[in-house]
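The values are calculated or read from the model by the stated rules, or taken from the named source; none is laboratory data. Quantities reported herein were computed from a predicted structural model and do not represent experimental measurements. Ideal geometry is used to build each Cβ from the backbone, glycine not excepted, and the neighbour counts take in all protein chains shown. With ligands, DNA and RNA removed, areas are computed over all heavy atoms of the protein, side chains included. Shrake-Rupley method; radii C 1.70, N 1.55, O 1.52, S 1.80 Å.
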Amino acid sequence: MNLKEIVNSWMISFNPTKEQVILAINRGKICESCPLTQSRLGVTICGGCGCPISKKIFSPIFNTCPEKLWHDIDNEYFKDK
C-alpha cells in the first residue's frame with residue numbers, strides 16, 4: 001500500500017458507507033483465515049504488508065491483498081463502480 005492509499009483507508013474506516021462496511025467485513029473474513037495474519041501487541045496485522053487489518057480492509061483500491069485473496073469479493077463490489 002502506498003501512503004495515499006493508507007491515509008484513504010484510515011479516513012474511510014472512521015465514517016464508512018454501508019457498502020464500504022459490507023466490503024470490509026467480507027475482506028476481514030478472508031483475513032481471519034489467512035496464514036499471513038499476525039497479532040502484534042494486540043493489533044491484528046497483515047504479515048504481507050504490515051498494515052493493521054482493521055484499516056486495510058477499508059482500502060478503496062481493488063484487491064490490495066498481498067496474496068490477492070480479495071479478488072472475488074472485490075470483483076462484486078467494484079463491478080458497478
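Within the range 14-26, the set of residues being assigned to a loop (DSSP other than H, G, I, E, B) and not β-branched (Val, Ile, Thr) comprises 15, 16. Residues in the range 27-81 that are in a helix (DSSP H, G or I) and among the charged types (D, E, K, R) were compared, and the one that is most open to solvent (accessible area, probe 1.4 Å) is 32. Applying a threshold of 7 Å to beta carbon distances and a minimum spacing of six or more residues, or different chains, the list of pairs starting in the range 7-33 at a residue that is touching a residue at least 12 places away in the same chain (Cβ under 8 Å) and within 21 Å of residue 47 (Cβ to Cβ) and ending at one that is open to solvent by less than 50 Å² (accessible area, probe 1.4 Å) and basic (Lys, Arg) reads 9/55; 9/56; 10/55; 13/55. Scanning the range 34-71 for residues that are touching a residue at least 40 places away in the same chain (Cβ under 8 Å) and either more than 18 Å from residue 8 (Cβ to Cβ) or not hydrophobic (A, V, I, L, M, F, W, C) (or both) yields 54, 55, 56, 59, 60, 64.
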